[in-house]
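See below for the structure under consideration.
The values are calculated or read from the model by the stated rules, or taken from the named source; none is laboratory data. Only a predicted model underlies this, so the values are computations on that prediction, with no experimental measurement involved. For neighbour counting, all protein chains shown are included, and Cβ atoms are generated from backbone atoms with ideal geometry for every residue, glycine included. Ligands, DNA and RNA are excluded from the accessible area calculation, which covers all protein heavy atoms including side chains. Shrake-Rupley method; radii C 1.70, N 1.55, O 1.52, S 1.80 Å.
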Amino acid sequence: MTHLCSLSTVPAGRCCVIARIDADADLTARMRALGLQLGRRVHVMRRSPFKGPIQVRSGQTDIIIRRSDAGLIQVRPCDPGGDTAVFKESECA
Amino acid sequence: MSKRIALVGMPNTGKSTLFNRLTGAGARVGNWPGLTVELLSAKLLLGDSMVELVDLPGLHNLHGFSEDERVARHFIETQPVNGLLVLLNATQLERQLALVLQLKALGLPMLLALNMADEAASRGIRIQIETLSEQLGLPICLVSAKHGQGVPELRQALTTWLRDNPNPVTAQARVLREDDDIEHNVDSLLARTVHVPPVLSASRTDRLDRILLHPWLGLPLFLLIMLLVFQIVYGLGTPLQDGLGWLLDELKTGWIAPAISGLPAWAISFLLEGLYDGIGTVMTFLPIIVVFFMAMAVVEDSGYLARAAFLMDALMSRMGLDGRAFVLQLMGFGCNVPAMMGARVIRSRAQRILTMMTIPFSLCSARLQVFLFFTTAVFSPLAAPWVLFSLYVISFAITFLTAWIWRGRARHNIDPLLMELPPYRLPTLSVLARQSLRESGHFLRQAGGFIILGVALVWFLTHFPLDAAPASPATLAGRLAGWMAPIFSPLGIDQLLSIALLFGFVAKEVVIGALAVIYGAGGDELSGILNQRLDWVQAYSFMLFTLVYTPCLSTLATLRRETGGSRYMWASLVWSLGVAWMISFVFYQTARALQ
């Protein structure tokens with residue numbers, strides 16, 4: 001059983017795969033257009049201070065997304081080990 | 001029938017730059033998603049036929065919900081074209097190809113141009129052009145819109161392509177709900193034709209970002225960069241402004257005044273002290289506008305503004321604004337007008353309007369002139385800088401207060417902050433020059449009508465009836481000041497100063513000139529008079545009122561144009577007058593009570 005994390009809680013430097021998007025149609029379309037869509041592998045590049053936006057990289061594209069909007073995206077870790085890789089409970093604050 | 005090609009592409013692919021390359025027209029170039037709002041078109045000669053090239057707003061996909069995307073989609077669905085010229089960013093093919101497949105389903109002839117192929121190659125991305133072209137069934141050209149490589153070949157390809165598609169056709173406007181298929185096609189197509197190195201070597205953008213987006217160095221560096229922009233604007237713009245002012249003055253005394261000396265006195269006064277001085281004062285701000293736009297274009301095209309929004313968003317979102325609004329607030333330090341036009345980048349209408357309502361409180365260079373004059377006249381050299389600093393602090397405080405009070409309207413429609421962080425780019429000189437020329441032309445045309453009218457009105461108020469001394473109690477303005485006295489005396493602002501405030505409504509830079517006319521003295525002499533007549537409480541109350549009381553006519557005109565109606569213009573006017581009066585009243589009465 002895979003434990004999902006919200007993208008807004010993933011620490012910088014980690015790689016994850018988008019598993020679910022809970023945004024409305026408009027936002028989902030905008031996310032998709034920037035490369036945030038189901039199954040895509042994204043890297044969390046950095047998180048701005050004071051709970052500001054986070055920067056993620058999808059393919060060659062860098063995107064900034066407000067933390068509340070990133071909270072709508074559920075991810076699982078991309079681990080070379082394969083399907084068994086899950087986030088530990090403690091990593092999803 | 002005339003031929004027409006639509007230029008289509010995602011934001012930030014260099015579409016406007018390519019448009020300029022092909023047509024030589026001065027289209028706006030922005031490195032900020034979705035900046036091109038008006039549809040630009042220009043004629044170009046391809047082979048033996050004149051072709052209209054239309055630059056459509058950037059779109060991410062045909063199902064987009066943004067205003068830009070709707071505009072582009074509407075155009076494609078309704079206007080017959082000979083074909084679509086689709087510009088793609090070669091470094092981001094993996095997400096841009098989906099758009100190509102969506103467009104292909106429209107059944108229109110298409111030609112692909114891959115931009116920034118050189119950048120892709122330097123990042124180790126290899127693209128099999130022949131295979132890609134074969135698989136898509138579309139001709140492909142490689143170009144560098146910025147440097148112009150491949151553009152002659154593109155023109156040639158367009159010419160042959162047009163010969164094959166001589167008749168305009170309308171798109172098969174059926175609703176596309178085949179996205180999942182398209183995604184699948186993209187993935188298999190990418191796997192066959194594009195080789196992306198698994199881990200990109202740390203490019204220069206990454207290295208720069210590590211410093212500029214540093215968790216605690218980022219914000220100070222950001223402020224330093226903005227400070228540098230203003231230093232450049234004033235360092236270059238102010239001497240040019242002084243020079244132009246001097247030139248206009250010479251022209252007036254040496255050429256225009258003698259030429260119209262035969263006219264009646266009132267006509268001379270109207271032409272010289274009314275129209276010429278009024279319009280001339282605004283004209284002298286043109287050099288600052290040009291330099292300001294060039295400096296902002298460097299910041300904008302470099303891709304840094306998106307980073308500034310990233311840094312500031314956390315603080316701004318607590319006020320109902322967002323990171324982009326803060327950037328615009330800083331742009332407003334130069335002049336509120338371009339800052340207000342910059343608010344176009346905000347998609348949500350409610351939030352865009354909230355941002356535009358706060359911009360007039362940004363302490364612009366015209367108000368700075370008034371404050372510099374007053375602080376040096378009334379305050380000691382030791383206190384003056386702190387007085388000035390306090391006005392900047394109050395400017396920000398009122399911005400935040402306004403946003404906080406009015407945010408209710410924007411709260412229901414919060415724009416998600418989701419934007420691309422483009423790689424850093426160096427703008428080219430010709431693009432900068434064209435952009436700033438285009439913007440200043442825009443400024444002059446927009447300002448022109450409004451300001452001529454305002455200046456004429458102010459002259460009339462201070463000179464009618466004609467036998468009274470200018471701005472004396474017998475004139476219309478004097479009587480108006482008399483009526484306004486109950487409003488202004490609780491603020492410690494006397495009647496003569498309130499007439500100057502009337503002038504400031506046209507443009508804040510006229511206030512000092514108006515005072516000179518009213519008191520019949522200029523420069524140091526005027527400083528002396530102000531020092532004698534005003535104590536520091538009155539002077540500070542006047543400055544507080546000047547800071548807040550009303551956006552100038554150009555700013556109001558811009559607000560009206562950008563919101564598409566007068567409603568918000570009046571709201572801004574009433575709100576700022578009300579706040580200005582309250583603040584001056586509280587300050588003046590408190591200070592007097594404490595004395």
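A few comments on the model shown:
- Only one of the numbered conditions (1) touching a residue at least 24 places away in the same chain (Cβ under 8 Å); (2) more than 8 Å from chain B (Cβ to nearest Cβ); (3) open to solvent by 10 Å² or more (accessible area, probe 1.4 Å) is violated by A:ASP69, and that is (2).
- Within segment B:149-167, the set of residues being more than 22 Å from B:MET50 (Cβ to Cβ) and either open to solvent by less than 20 Å² (accessible area, probe 1.4 Å) or touching a residue at least 60 places away in the same chain (Cβ under 8 Å) (or both) comprises just one member, B:GLY150.
- Looking only at segment B:353-390, residues that are more than 22 Å from the chain's Cα centre (by Cα) and farther than 17 Å from B:ALA516 by Cβ come to 13 in all.
- Test for A:MET31: is it surrounded by 15 or more Cβ atoms within 10 Å (Cβ to Cβ), within 11 Å of another protein chain (Cβ to nearest Cβ), part of a helix (DSSP H, G or I) and under 12 Å from the mean Cα position of the chain (by Cα): yes
- Of the set (1) more than 14 Å from chain A (Cβ to nearest Cβ); (2) in contact (Cβ under 8 Å) with a residue 24 or more places away in the chain; (3) within 30 Å of B:PRO416 (Cα to Cα); (4) touching a Ser or Thr at 6+ places or on another chain (Cβ under 8 Å), all apply to B:ILE346 but (1).
- Segment B:493-521 - residue that is open to solvent by less than 40 Å² (accessible area, probe 1.4 Å) and of a type in the set (D, E, K, R) and, of those, modelled with the highest pLDDT: B:LYS508
- Considering segment B:73-95, the residues that are within 13 Å of chain A (Cβ to nearest Cβ) and either at pLDDT below 85 or touching a Lys or Arg at 6+ places or on another chain (Cβ under 7 Å) (or both) include one that is nearest to B:GLU52 (Cα to Cα), namely B:ARG73.
- Test: B:GLU562 is open to solvent by less than 60 Å² (accessible area, probe 1.4 Å), of a type in the set (Asp, Glu) and closer than 16 Å to B:MET340 by Cβ: yes
- Being crowded, with 19+ Cβ neighbours inside 10 Å and at pLDDT below 75 is a property that holds for B:PRO33.
- If you go through segment A:47-61 and keep only what is closer than 17 Å to B:PRO215 by Cβ, surrounded by 20 or more Cβ atoms within 10 Å (Cβ to Cβ) and at the interface with chain B (Cβ under 7 Å from one of its Cβ atoms), you end up with A:SER48, A:GLY52, A:PRO53, A:GLN55.
- Segment B:132-141, residues that are crowded, with 20+ Cβ neighbours inside 10 Å and closer than 15 Å to B:LEU85 by Cβ: B:CYS141
- Residues of segment A:15-28 satisfying the condition of being in contact with a helix residue (DSSP H, G or I) (Cβ under 8 Å, 6 or more places away or on another chain) and more than 9 Å from every other protein chain (Cβ to nearest Cβ): A:CYS16, A:ILE18, A:ILE21
- Of all residues in segment B:111-126, those satisfying the criterion of being touching a strand residue (DSSP E or B) at 6+ places or on another chain (Cβ under 6 Å), crowded, with 20+ Cβ neighbours inside 10 Å and at negative phi are B:LEU111, B:LEU112, B:ALA113, B:LEU114, B:ASN115, B:ALA117.
- Checking B:GLY342 against (1) buried (at least 21 other Cβ atoms within 10 Å of the Cβ); (2) under 19 Å from B:VAL393 (Cα atoms), the condition it does not meet: (2)
- Figure legend. Inter-residue proximity from segment B:8-19: first residues farther than 19 Å from B:LEU62 by Cα, second residues modelled with pLDDT of 85 or more and among the β-branched types (Val, Ile, Thr), beta-carbon distance below 8 Å, spacing 6+ or different chains. Indicated pairs: B:LEU18/B:VAL143; B:LEU18/B:VAL151.
- Filter pass, B:ARG95 being basic (Lys, Arg), open to solvent by 10 Å² or more (accessible area, probe 1.4 Å) and more than 27 Å from B:ALA120 (Cα to Cα): no
- Scanning segment B:76-91 for residues that are in a helix (DSSP H, G or I) and open to solvent by 10 Å² or more (accessible area, probe 1.4 Å) yields B:GLU77, B:THR78.
- Assessment of segment B:354-361 against the conditions (open to solvent by 30 Å² or more (accessible area, probe 1.4 Å) and either more than 14 Å from chain A (Cβ to nearest Cβ) or aliphatic (A, V, I, L, M) (or both)) yields no matching residue.
- Filtered residues of segment B:42-75 (kept if assigned to a strand (DSSP E or B) and either open to solvent by less than 60 Å² (accessible area, probe 1.4 Å) or on the phi > 0 side of the Ramachandran plot (or both)): B:ALA42, B:LEU44, B:LEU46, B:SER49, B:VAL51, B:GLU52, B:LEU53, B:VAL54, B:ASP55
- Residue match in segment B:365-385 (condition: free of Cβ contacts under 8 Å to residues at least 40 places away in the same chain, surrounded by 17 or more Cβ atoms within 10 Å (Cβ to Cβ) and within 30 Å of B:ARG561 (Cβ to Cβ)): yes
- Residue ID - nearest to the other protein chains (Cβ to nearest Cβ), chosen from residues in segment B:99-110 that are open to solvent by less than 20 Å² (accessible area, probe 1.4 Å) and assigned to a helix (DSSP H, G or I): B:LEU99
- Segment A:1-11: number of residues that are outside any helix (DSSP H, G or I), modelled with pLDDT of 90 or more and open to solvent by 20 Å² or more (accessible area, probe 1.4 Å): 2
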